[in-house]
Amino acid sequence: MIGAFFQRFWEAVRDGVRLWWLAPIIPLIAALPEMVQHVAEVKMGMFASKEAFQTLAMDPTRWAFGYGKIAGLFIAIVAALLFWANRERGARWWNLRGILWGAVLGSVALQVVAGLAGEEITKAVPGLAGQAANLALSLATLPLIVWFIGGVVGDRAMTLAASYRRGWLPLLRIVVFLGLPYLLLMGIHMGDHYLAFGQSPAVVWALMIWDSLIVGTMAALMGTALHHGYRPLGNGGHSGPVSQPDAMGGI
């Protein structure tokens, strides 16, 4: 199964990049808001120097565009996940009929509640004890991500209870498939900013366009990693909705 694991990882990377020509609108959902924010950052003078960037990093104007960028990134990730699920159902990638909305909304609601509870714990219990309790709560709610993915791909067998019984190994695959490309591209993303400091306008604009494409690729890879990591290994390469009780077993 080790060979199958690395083969699936390669497929996740390859298919994430393929979204640029299979459904370019998906990475563009993340790339365009990123570029819009870069336009604002350049006009604000953020790339004049490292000091200027640090001074303006939390500027309300920048964050007004930042919230849209974050929303675009999340939507693109979910759209990439939905693309691969619908591709195997033989439906158009934007088809929403296969989504189990109860699972999706239930997962989101519980994750929001857990996040708010974690903040309250940190406030009520200062120091390492509060941080440890918050971390424990975060780890305990990780299977909710698997429940969310099951809802998007239309897997009726992946209930909330099933996500805790059988969701840990898919979660491990997802962490690896998503984490490695994310760390690499995030490094490039941060490096683009440093390279832009003090450069001529032409160089800054070129770097910002390139950086926006990197963010779009990041979203495509992350959404594909969610789908391919959720998919069980050794199922003949198919990744459609799973109905068998033990379908999520095995790494």
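The values are calculated or read from the model by the stated rules, or taken from the named source; none is laboratory data. Everything numeric here is computed off the predicted structure, so don't read it as measured data. These accessible areas exclude ligands, DNA and RNA; they are computed on the full protein's heavy atoms, side chains included. Shrake-Rupley method; radii C 1.70, N 1.55, O 1.52, S 1.80 Å.
Compared with the direct C-alpha span, the chain from Arg156 to Met186 gains 7.4 nm at full extension, assuming 0.36 nm per residue.
To the nearest µm²/s, what D does Stokes-Einstein give for the chain at 37 °C and 0.692 mPa s, using the Kirkwood radius over alpha carbon pairs as Rh?
168 µm²/s
Can you send over the carbon and sulfur percentage of the accessible area for the chain, probe radius 1.4 Å, protein chains only? Answer for the chain: carbon and sulfur cover 72 percent of the accessible area. Centre-to-centre, using Cα atoms only, the stretch 112-158 and the stretch 26-90 are separated by 25 Å. Each Cα pair under 8 Å and six or more residues apart adds its sequence gap; the mean of these over the residue count of the chain is a relative contact order of 33 percent. Once you order the gyration tensor axes a ≥ b ≥ c over the Cα atoms, which shape class does the stretch 122-188 get: rounded for a/c under 1.5, otherwise prolate or oblate by comparing a/b with b/c? It is oblate, given that a/c is not under 1.5 and a/b is not larger than b/c.
Projecting the alpha carbon convex hull of the stretch 43-130 along each direction and taking the average yields 9.9 nm². Structure remark: mean-square fluctuation, Gaussian network model of the chain, C-alpha springs under 10 Å; the largest value among Ala30, Ala157, Ala117 belongs to Ala117.
Note: the stretch 61-185, Cα convex hull, 154 Å³ per residue.
By the rule of a C-alpha distance below 30 Å, with chain neighbours fewer than 8 residues away ignored, the lysines paired with Lys123 are Lys69. Screening the chain for whole DSSP H helices with an alpha carbon extent of at least 24 angstrom along the helix axis and a mean Kyte-Doolittle hydropathy of at least 1.0 yields 25-44, 168-196, 201-230.
Overall size of the stretch 1-87 from C-alpha positions, given as principal axis extents largest first: 50, 27, 19 Å. Sorted from longest to shortest, the spans of the Cα atoms of the stretch 153-216 along the three principal axes equal 56, 20, 13 Å. Per residue, the stretch 105-192 exposes 52 Å² of accessible surface when a 1.4 Å probe is rolled over the protein heavy atoms with every protein chain present.
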